[in-house]
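The values are calculated or read from the model by the stated rules, or taken from the named source; none is laboratory data. Quick caveat, the model's predicted, so the values are computed rather than measured. A quick note on method: Cβ atoms are made from the backbone with ideal geometry, for glycine too, and the neighbour counts reach across all protein chains shown.
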Amino acid sequence: MTTIVLPYMLDFYPLQDEDNTRIHQFYASLREGKLTTTKCKDCGGLFWPPRVACPGCNSDQFEWVELPDEGELYAFTAMLLGAPLGMEKDVPFVLGMVQLDGTEFKVLSRIGNTKYEDCSLGMRVKLETYELEDGRVWFRFVPAD
Amino acid sequence: MKNVAIVACGLAPFGVRKATWRELVQEASKAVFDDVQNLDKKDIDSLFVGAAMPERFAFQSHVAPLVAEQVGIVPHKVVTRTELACSSGQSAVRTAWASIVTGLSDIALCLGVEKMNMPNMLETQTSMACVLEREWDGVQGASAPPFFAMCAQRHMHEYGTTVEQMAMVSEKNHHFSTTNPYAQFQKEIPAEKVLGSPMIAPPLRLFDCSGITDGAAAVILTSEERAKEFTDVPTYIIGSGQCSMASNLANYKSLSTWHPLKIAAKEAYRSAKIGPMDLDFAEVHDCFTISEIIEYEDAGFCEKGEGGKFIEEGQSNIGGKMPINTRGGLLGTGHPLGATGIGQIVEIMQQFRSTVPKERLVDGAEMAMAHNLSGAANVHSILVFGRSPR
């Protein structure tokens, strides 16, 4: 069912199944609308993106935890010219760093359902997941209201 | 620690060149060997090639032996390529320096090169997006302009920096590059023209951004003991600092303060036993206008938040507190990734030799630094140079 239009090495999206990545659970959860990451069972360290070895204590024991699905715009801009291959049709699009509620993470994301002119610093946004044409899954944020 | 000197320098013209990757290499090689006196190519025992993405831009890996053959040398102590995106060129010089300090290498050629203009520029833009974390950040459509646009937004929000101040950086550097026949852009770009240019990623407009450039640059390094055999005015490496902090944008502490630059600068000044204002001029990485403003602050040339005022008052011009980017910077000269860092060092050497056009000469300069950032400003690399050894 996977039809990769671009040659693999020019495909921006990660391979997501268990044949290709040890964090396939992240993508399985994303398919259920949940943004998750790994928490180290030994030192409690919470890292983004998910890990298979803890950069804090060297453990390889993790549990999956759900991240908040809302946050606010820490910064944003729009891509008006010079988008990469496969994204030309999306121009113009808004990009923002979303400070996830109660975390240190400022996750970079497309900000959908809005225009640059309608965004503001501190604007509330919420997670939205979607399926790519080839069946893989991805996420973006959209205005919360 | 052993003192190391740069004894020769050379450039291939930067621009949209009707020349291939390997032809740029040959041009820079010719220029550097034309510049050096009393050197037999057989005495070059080491080669360091700074190249960011030859695999993407020239479909060529394993580039060091290719360069060695084009240049006509048989390096037999160290032969390698250094890759650190936009700092790949300085990385070649840093690595050569370390190799000479240890005594492993005696005479090293450092050659930085990038061929970025391709028949289909979409390929270039796509490749540039993998300088960021491709799986998590690049995938969202992020590349350099949107990242630095967000840095500008935060700096404007937190410190009141204006787009007019950013435009002044572009005007200054384009003015300097009118004196530089090796620059990609050799015309004046007044601030009004910057402010009227097409928007790329708000608030950044076309002339807030450095170009997509082909170019090459080369230097030859050896120990202090041998330096005077090859030039009357060696340029000595007298200090160094480098720091990498975070990769995924989610893990940045700030966009408006570049913490790894503060750490790298502190170490560079400590190792050179100087303070920032002891420098007579600096080459800093103005990939975007906002970069230069943040660098004034975090390299210690002015107080935090006063970078906008620093350019407005002309403090980064000749005659100001710290002349910055006298060759025209990346904004005026262009930014061929692997060549940029070495191009900056060429300017420093030519300033020390007083061979730059007098409109941009920093008269009597004794100390200067070259700074590069790479990727999304998460790595900062600094080398400090002196007309005299430490």
Meets criteria (aliphatic (A, V, I, L, M), assigned by TED's automatic domain parsing to the domain that holds B:His380 and under 18 Å from the mean Cα position of the chain (by Cα)) for B:Ile294:
yes
Pairs with Cβ under 7 Å, 6+ apart, first in the range B:135-147 and in the same structural domain as B:Pro203 (by TED's automatic domain parsing), second aliphatic (A, V, I, L, M) and part of a helix (DSSP H, G or I)
B:Asp137/B:Leu249; B:Ser143/B:Met128; B:Ala144/B:Met128
B:Glu267 being among the acidic types (Asp, Glu), closer than 28 Å to B:Pro181 by Cβ and assigned to a helix (DSSP H, G or I)
no
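With the structure loaded, tell me whether B:Thr326 is farther than 15 Å from B:Asn173 by Cα, assigned to a loop (DSSP other than H, G, I, E, B), among the β-branched types (Val, Ile, Thr) and out of contact with any Pro (no Cβ under 6 Å at 6 or more places or on another chain) or whether it fails that test.
no
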For the range A:109-119, state whether one or more residues are in a strand (DSSP E or B) and surrounded by fewer than 18 Cβ atoms within 10 Å (Cβ to Cβ).
no
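Can you confirm whether the range B:269-285 contains a residue that is among the aliphatic types (A, V, I, L, M) and touching an Asp or Glu at 6+ places or on another chain (Cβ under 7 Å)?
yes
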Given the conditions (1) in a helix (DSSP H, G or I); (2) within 14 Å of another protein chain (Cβ to nearest Cβ); (3) over 16 Å from B:Leu330 (Cβ atoms), every one holds for B:Ala142 apart from (1)
Mind checking which residues of the range A:63-103 are more than 9 Å from every other protein chain (Cβ to nearest Cβ), of a type in the set (Asp, Glu) and over 17 Å from the mean Cα position of the chain (by Cα)?
A:Glu63
Scan B:Gly375, B:Gly329, B:Gly338, B:Gly364 and give me the residue that is over 19 Å from B:Asp214 (Cα atoms) and either crowded, with 24+ Cβ neighbours inside 10 Å or of a type outside the set (Asp, Glu) (or both).
B:Gly364
Just to be sure before I move on: is B:Ser197 within 14 Å of chain A (Cβ to nearest Cβ) and without any contact (Cβ under 8 Å) to a residue 12 or more places away in the chain in the structure I sent?
yes
